[in-house]
Amino acid sequence: MDLLKDSLGYAIKSAQVRTYEMLFQMLGPNAISPARLTALSIISTRSGINQSELAQELRITRASVVKVIDTLESLGLVQRQSIAGDRRSYALVVTDLGKNELLGMRQRMDDYELAISSQLSTAERVQLMELLGKVAVG
């Protein structure tokens, strides 16, 4: 087997490397990581989500999500809020600074999405996302 030609795993990894390079080129060297950006986006659309739910959404361990949230909190982008009757869990909310960060990144993210899919038709982009979704859930 020629891994460069015949490996789906290698093809996915190559695409990931290229898209991350483009992301950091377009967003700048000080941009938050894709995982943190995804977490921020999820928290903004599901305000009050707890850390366990966020870990499930991101498909990472609870220990890893704590590190992500610690970083976002230290940047002033999210806030942990106590949940009444549950001393072990926190509701996560995006701060005003976090909302501004997301708004500021929206156009750059739209430009990024156009750039990484520039060789695809709209139908091919939809199909690729569906196929990668199937690979992701295994």
### Message
Considering only residues that are more than 18 Å from the chain's Cα centre (by Cα), of a type outside the set (Gly, Ala, Ser) and under 19 Å from ARG18 (Cβ atoms), which ones fall in region 115-124?
### Response
GLN119, LEU120, GLU124
### Verdict on ILE60 being outside any helix (DSSP H, G or I) and closer than 24 Å to ALA136 by Cβ
yes
### Message
Can you find a residue that is aliphatic (A, V, I, L, M) and in contact with a strand residue (DSSP E or B) (Cβ under 7 Å, 6 or more places away or on another chain) anywhere in region 19-38?
### Response
no
### Message
Contact list please: Cβ distance under 6 Å, first residue in region 47-70 and within 16 Å of ILE32 (Cβ to Cβ), second residue not β-branched (Val, Ile, Thr), pairs at least six apart or on different chains.
### Response
VAL65/GLN51; VAL65/LEU54; VAL65/ALA55; VAL68/ARG36; VAL68/ALA39
### Task
Please identify the pairs in which a residue from region 87-100 that is within 14 Å of GLU53 (Cα to Cα) has its Cβ atom under 7 Å from the Cβ atom of a residue that is β-branched (Val, Ile, Thr) and in a strand (DSSP E or B), counting only partners at least 6 apart or on another chain.
SER89/ILE83; TYR90/ILE83; ALA91/ILE83; LEU92/ILE49; LEU92/VAL78; VAL93/VAL78
#### Entry: Enumeration of residues in region 23-38 that are more than 22 Å from ALA136 (Cα to Cα) and at pLDDT 85 or above
PHE24, GLN25, MET26
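The values are calculated or read from the model by the stated rules, or taken from the named source; none is laboratory data. Treat the numbers as computed from the prediction; the structure is a model and nothing was measured. Glycine gets a Cβ as well: all are built from the backbone with ideal geometry, and neighbour counts include every protein chain shown.
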